[in-house]
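Here is the structure we will look at.
The values are calculated or read from the model by the stated rules, or taken from the named source; none is laboratory data. None of the values given here were measured: they were computed from a predicted structure. Here the Cβ positions follow ideal geometry from the backbone for every residue, glycine too, while neighbour counts run over all protein chains shown. What goes into the accessible areas is simple: the full protein's heavy atoms, side chains included, and nothing from ligands, DNA or RNA. Shrake-Rupley method; radii C 1.70, N 1.55, O 1.52, S 1.80 Å.
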Amino acid sequence: MKTYIETYGCQMNEYDSEIIRTVLRDNKYEILDQIDGAEVVLLNTCAIRENAHQKIFHRLNHLRALKKKGSVKVIGVLGCMAQSLRKDLAEFSPVVDVVAGPDSYKRLPSLLNSARETGSKGFDFSLSEWETYSDISPKREVGTNAWIAIMRGCDNFCTFCVVPYTRGRERSRSPESIVSETERVVSEGFRQVTLLGQNVNSYKYEDYDFADLMKMVGDVPGLRRVRFTSPHPKDFPRKLLHLIADHPKLCKQIHMPLQAGSDTVLERMNRTYTKQEFYDLVDDIRDILPGVSLTTDIICGFSGESDKDFEDTVEVVERVRFDSAFIFKYSERKNTIASRKHPDDVPEEKKTERTVRLNDIQRRISLERNEEEIGKTFEVMIEQPSKKNPDEWMGRNDQNKGVVFHAPQYKIGDIVRVKITKAGTNTLIGDLAEGSASPELCRVSYNDQLFQ
Ligand code: SAH
Ligand code: SF4
Ligand code: F3S
């Protein structure tokens, strides 16, 4: 059966799609990298905001036409939206044959087989307390970075968030299984791993905590960079900051979701920290990790957010000066605590106005921070040709900032030194600097064929 998978949402879903491809390949499904010719089409979906849902409904309308023509036989909706809408989804959209949530992927071959053979609809929404897919070694697309989920689920229950309902209870994978997955991806040619979890601080497996795990992964021979996302400000371990400072492989980049600057809004969100505690954490991060890059997520217009509350968020953004920020309009989600206890009472225009204003402020700050990098030299790992000019490379420095430069003698995966000459809001521009290893030396430690 020729199958095509489309992925929406966060990196956890990207990782899950790799798991799904592996499960299906092991069951004699052929995975295509484009939709043409596919008999089975699977959408791995997101539920975080209403526009994520809307995107899928539009896509399903389009797929309905392909199914009528007869080329597509089975349509499946997987992931977080599948878990949160469940059977409603098949009722809304009769075109859907299979609906399966994030803990049900091992059952997919049997659900798809029966849909194909008998035309019966297949559903699986069981959330598991133990499923971590540790026994599945996902086969990844070639690249420089491999995502590795170290835990699944979330127990934080931020009142606005649907994830604890779509992904169930928090559970961590064993450090051994994570280290052996890291060793495997290194042997396949990947030079960087990004460890994924909804709140990596709460990683716990027997006596191992997240800092122990980072050290074990950082020590894997041949690996050049380790990143992670996301930690939670309420319990960020200071021990981890010292480890990052001392370990050459652990990148000086932290994505630390703020969500809001006002203490009353933070409390209604159940974030369990205050503005002052966030400031103290940022001070510690910058003291222990000079030159670190800090990014964040912010929600505008959560229930009860007054003009004064919003000004607190502006104050934090101005004072902390994040390198960049994802800024979202609040979108009420079904079944969340906020949907029951905190009415979605900020008018749409206010949400838009606040989002636009905060984005303007953040864009100015991002540009200013990038301009501070002019004249500095960074180690940059080449990731791909630049989108604007394919003769130039786009790579990233330790801080995860995109750097564009000209160096045709080097290849994807090489790590070179680049001196920054110009800065934009989202990218740095530079020149190859002295002290870069020769192209031959750059490549000795990995299988260069993977990057042809
Ligand atoms: N577990 C991650 C967040 C995953 S969701 C963490 O806590 O860091 C990514 C971001 O989406 C969140 O940080 C939040 O800013 C945003 N988000 C979550 N629920 C939302 C909602 N109902 N409306 C708008 N944005 C939301
Ligand atoms: Fe959602 Fe909060 Fe969990 Fe992040 S930590 S996934 S925002 S409940
Ligand atoms: Fe990720 Fe969206 Fe689910 S952000 S965890 S795919 S709701």
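Summary of values
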{"quantity": "Pairs where the first residue, in the range 123-139, is free of Cβ contacts under 8 Å to residues at least 60 places away in the same chain and within 11 Å of ALA149 (Cβ to Cβ) and the second is in a loop (DSSP other than H, G, I, E, B) and small (Gly, Ala, Ser), C-beta under 9 Å, 6+ apart", "calculated": "THR132/SER174; SER134/SER174"}
{"quantity": "Residue among ASP155, ASP88, ASP135 that alone is assigned to a loop (DSSP other than H, G, I, E, B), more than 19 Å from the chain's Cα centre (by Cα) and at negative phi", "calculated": "ASP135"}
{"quantity": "Scope the range 249-279; condition without any contact (Cβ under 8 Å) to a residue 24 or more places away in the chain and open to solvent by 20 Å² or more (accessible area, probe 1.4 Å); matching residues", "calculated": "GLU267, THR274, GLN276"}
{"quantity": "Check on LYS239, in the same structural domain as THR336 (by TED's automatic domain parsing), closer than 22 Å to LEU294 by Cβ, at pLDDT 95 or above and away from ligand 2 (no atom under 16 Å from the Cβ)", "calculated": "yes"}
{"quantity": "Neighbours by Cβ (under 6 Å, 6+ apart or cross-chain): first from the range 33-59, among the hydrophobic types (A, V, I, L, M, F, W, C); second open to solvent by 50 Å² or more (accessible area, probe 1.4 Å) and away from ligand 2 (no atom under 16 Å from the Cβ)", "calculated": "ALA38/LYS2; VAL40/MET1"}
{"quantity": "Members of the range 144-161 that are open to solvent by 20 Å² or more (accessible area, probe 1.4 Å) and away from ligand 1 (no atom under 16 Å from the Cβ)", "calculated": "ASN145"}
{"quantity": "Residue list for the range 308-336, filter: open to solvent by 20 Å² or more (accessible area, probe 1.4 Å) and within 16 Å of ligand 3 (Cβ to nearest atom)", "calculated": "PHE326, ILE327, PHE328, LYS329, SER331, GLU332, LYS334, ASN335"}
{"quantity": "Any hit, the range 257-271, residues being in a helix (DSSP H, G or I) and polar (S, T, N, Q)", "calculated": "yes"}
{"quantity": "Residue within the range 221-233 that is in a helix (DSSP H, G or I), open to solvent by less than 10 Å² (accessible area, probe 1.4 Å) and out of contact with any Ser or Thr (no Cβ under 8 Å at 6 or more places or on another chain) present", "calculated": "no"}
